[in-house]
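Down below is the structure, laid out as structure tokens.
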Amino acid sequence: MEKNNLVLSDDFALKLTTSTFLELYRQFKISYMDFLAASPFYSCYQYPKRELREQALLKWKETLAESNIQMFSFTPMPHGYPVNLSDTNSETRNRSLKYYLDYMDDAAFFNAEYLTVHLGWYYLEEGKARGNAAMMDSLFTLLEHAEEKKLPLLLTPSNAEQTNTLQNYEDIARLFEKAASPWLFLAIDLNLLMANGENPAWYANTPEIQTACLDIQADLPGLDGFMEYIIKNFPQPLPIRLHPIETISPGEPEQYLSSVQRILDRCLQVQPLWPNIPAV
């Protein structure tokens, strides 16, 4: 069966049964998943012992293989404190590093192409410089292990609930220049890019920034605008990692599922935009 190259994030699927969201992958011929490591699907907090984790991971690995789904990115869900790689408190930062290193093992077990990393936030009264110093210290540690595991890190600028250390082009360019690592990649957050009014060419013309994909958090009314923006500003198409936004209350499951299906239908009408996703 011919498959398309859209990367579908399963964060919307936390409110659906496993069989239902896997049926969506089959229905829309989607090959690539952004696997969100969060309860109730899978969370490191559910399996404190490594052997239990691997048993759970193996079941998922077999399930995805049966559905011919490849894992593009493995995304740990940062549920707040104490997961903060930019914290100036060394104990909190070390616990946060352990959190990501544990998930790095999980991502490698899945043969994921990327491990998604949120770098956290700095405390306003301490200032951005101190937060950035702590963040870079954490990042260098993760990059050492990424090289060892042959597993690239995928950074995602986002809102301040997940990070305020990486929110614009200047932040990103400075970080990639300092890190100077072949194991570091960027997911361009299209929502943030458009909200900031930034020039997309900055990213394409900065050789230090290795870009893996575009991230879109999309509801149906705003989707056409995103597509027009991509066609206009990204002449060399990138894989699109899609996060369908709830447009209907989850309390109305049939309407909720129909909304997600309409978003996927609209995305796949412009299927020729997406090239084959290159192997890392």
- Excluding near-sequence neighbours (fewer than 8 apart on one chain), the chain holds lysine pairs with C-alpha atoms under 26 Å apart numbering 28
- Ignoring ligands, DNA and RNA, what accessible area per residue does the chain give at 1.4 Å, in Å²? 46 Å²
- Message: Given a 1.4 angstrom probe, I'd like the percentage of the accessible area of the stretch 55-130 that is carbon and sulfur, rounded to a whole number.
- Response: 49 percent
- Note on the structure: Share of accessible surface on carbon and sulfur in the stretch 174-261, whole %, 1.4 Å probe and ligands ignored, is 52 percent
- Among [x] 14; [y] 20; [z] 28, the value of percent of Cα pairs over 35 Å apart computed for this structure carries the label [x]
- Task: Can you figure out the FRET efficiency of Glu252 with Ala129, using R₀ = 41 Å and their beta-carbon distance, to the nearest 0.05?
- Result: 0.30
- Using the beta-carbon distance between Arg262 and Gln210 and R0 = 41 Å, what value does 1/(1 + (r/R0)^6) give for FRET efficiency, to the nearest 0.05? 0.75
- Counting other Cβ atoms within 10 Å, keep those with at most 11, restrict to DSSP loop, and tell me which trypsin sites (Lys or Arg not before Pro) in the stretch 30-104 are left. Lys49
- Task: Any chance you could run the full-extension gain for Leu58 through Gln269? It's 0.36 nm times the residue separation minus the Cα-Cα distance, nm to one decimal.
- Result: 72.5 nm
- Message: If you restrict to DSSP beta bridges whose two residues both lie in the chain, what percentage is antiparallel, to the nearest 5?
- Response: 0 percent
- Task: Report the calculated FRET efficiency for Thr141 and Lys15 (r = Cβ-Cβ distance, R0 = 41 Å), to the nearest 0.05.
- Result: 0.75
- Over the chain: helical MRE at 222 nm, DSSP H runs n ≥ 4 each giving -39500 (n - 2.57), nearest 500: -14000 deg cm²/dmol
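The values are calculated or read from the model by the stated rules, or taken from the named source; none is laboratory data. Here the structure is a predicted model, which is why all the values come from computation and not from measurement. Virtual Cβ from ideal backbone geometry, glycine too; neighbours counted across all protein chains shown. Keep in mind that these areas ignore ligands, DNA and RNA; they rest on the heavy atoms of the full protein, side chains included. Shrake-Rupley method; radii C 1.70, N 1.55, O 1.52, S 1.80 Å.
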